[in-house]
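The values are calculated or read from the model by the stated rules, or taken from the named source; none is laboratory data. Since this is a predicted model, take the numbers as computed values, not measurements. Here the Cβ positions follow ideal geometry from the backbone for every residue, glycine too, while neighbour counts run over all protein chains shown. Side chains included, ligands, DNA and RNA excluded: accessible areas come from the protein's heavy atoms. Shrake-Rupley method; radii C 1.70, N 1.55, O 1.52, S 1.80 Å.
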Amino acid sequence: MAYLFGIALLLLLFTVLHFFTEISLKEKVLTLSILSSFILGAYFFNLSNENRRLHLETVLLNFSHGENIMCNEINVNQTYFSYSSGTQTFIGLKESKMAGRLISLDTCK
């Protein structure tokens, strides 16, 4: 879906640039500010995603090294939980007191 949005944005950009010499100064400023806001928004979106990815990677690395992790005020470790990569959650082991409990990696510190 993001590819379609990107293609539509590029088509809009090429259309605006084609008629750029024919539009007034106010329209040029408006066009440039809209395009700049799209570019800035995409940058901050990617920055946010990268920070989230690094946080999840750090949490998972600490978990796989046997460290205790705090998630929603619950102490998560390999004794009571396993990791599900498909859903990015910790799942309570059947034999433990945390059986059936699901904890998202996003809630961990």
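GNM on the chain, alpha-carbon springs under 10 angstrom: the most fluctuating residue among Leu61, Leu40, Leu25 is Leu25.
Placing unit charges on the Cβ atoms of the charged side chains and taking the dipole of the chain about its Cα centre, the candidate lying farthest along the positive direction among Leu4, Ile34, Ala99 is Ala99. Among Leu93, Leu54, Leu17, the largest mean-square fluctuation in a Gaussian network model of the chain, built with springs joining Cα atoms closer than 10 Å, belongs to Leu17. Considering all different alpha carbon pairs of the range 1-45, the Kirkwood hydrodynamic radius works out to 11.4 Å.
Summed over the residues of the chain and divided among them, the accessible surface reaches 77 Å² per residue at a probe radius of 1.4 Å.
Taking amide H positions as modeled 1.01 Å from N, with prolines and chain starts lacking one, no residue 5 or more places away or on another chain lies under 5 Å from Cys108. For the Cα atoms of the chain, what angle does the longest principal axis make with the long axis of helix 2-18, in degrees from 0 to 90, nearest 10? Around 20 degrees separate the two axes.
Helix 25-64 against the longest principal axis of the chain: what's the angle in degrees, Cα atoms only, rounded to the nearest 10? Its long axis makes an angle of about 10 degrees.
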